[in-house]
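Notes follow once the structure below has been shown.
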Amino acid sequence: MSGKLLDPADVRRALTRIAHEILERDRGAADLGLVGIGNRGGGLARRLAGEIERIEGTQVPVGVLDITFYRDDIGMHAEAPEVHETRIAFDVTGMTVVLVDDVLFTGRTIRAAMDALMDLGRPRKIQLAVLVDRGHRELPIRADFVGKNVPTSRADDVRVLVAELDGEDAVVVEESR
């Protein structure tokens, strides 16, 4: 499989559906916080918050989590990791926190994100929303909210493009060579 999987309209519809599913499962937006993993997850979390506000009329706090030093592969690569800032301006303790990421693959990023989040407080509940779930889990982690399930080869490259960083919204799969 190779090519564009989701176009801008597909991404918008997926995020709208995920926002509705979050509100339905959590019975509204009370005590809800969205935390994006990295830049792409942060952008998706901000959009989900906008959708939730549009639907529910409630502003949901949004933060961005850097997991660089929580990764289990740190030091396994020759290049130094690129560190970003964690920006969460609300107390996660007692809240339902939805971690937001672009692609769910092995589950290792999510494990690192949960460790990083727990260092900031003790959420009442942690949920996971991803735009794309491509399978191939190495850890027992699953998403609560999924934009699209995509069967891929382990070697395929699944890239999520977001307008804020890439100038367009899309999900692209490139076959390994």
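Highest mean packing comes first when the peptides 42-50, 97-105, 24-32 are listed by Cβ atoms within 10 Å, giving 97-105, 42-50, 24-32. Here the simple spin-label model places points 7 Å from the Cα toward Cβ, and for residue 58 and residue 2 these points are separated by 4.7 nm.
Using just its DSSP H runs of length 4 or more, each adding -39500 (n - 2.57), the chain gives a mean residue ellipticity at 222 nm of -9500 deg cm²/dmol after division by all residues.
Approximating the spin labels as points 7 Å out from Cα along Cα→Cβ, the residue 69-to-residue 149 distance works out to 3.8 nm.
The stretch 97-128: which trypsin sites (Lys or Arg not before Pro) are DSSP loop and have at most 13 other beta-carbon atoms within 10 angstrom?
Values: sites: 108, 111, 124, 125; in loops: 124.
Passing both the DSSP loop test and the Cβ count: 124.
Within the shell of other residues whose beta carbon sits under 12 angstrom from the beta carbon of residue 152, the net charge comes to -1, with Lys and Arg scored +1 and Asp and Glu -1. Each other residue within a Cβ distance under 12 Å of residue 94 adds +1 if Lys or Arg and -1 if Asp or Glu, for a net charge of +1. Taking label points 7 Å from Cα along the Cα-to-Cβ direction, residue 27 and residue 118 give a separation of 2.7 nm. Across the stretch 139-151, rounded Karplus estimates of 3J(HN,Hα) from the backbone phi angles (6.51 cos²θ - 1.76 cosθ + 1.60, θ = phi - 60°) give 10, x, 10, 9, 8, 7, 9, 10, x, 7, 8, 10, x Hz, Gly and Pro being marked x.
When a/c reaches 1.5 or more, the comparison of a/b and b/c decides; with that in mind, is the chain rounded, prolate or oblate per its Cα gyration tensor?
On the way: a/c = 1.69, a/b = 1.16, b/c = 1.46.
Since a/c reaches 1.5 but b/c is at least a/b, the shape of the chain is classed as oblate.
Relative to the current alpha-carbon distance between residue 164 and residue 12, full extension at 0.36 nm per residue lengthens the span by 53.3 nm.
All of the numbers you see were taken from the coordinates with simple rules; none came from a lab. Predicted model, so just to flag it, every value in this text is computed and none were measured. Note that each Cβ is placed from the backbone with ideal geometry, even for glycine, and that neighbours are counted across all protein chains shown.
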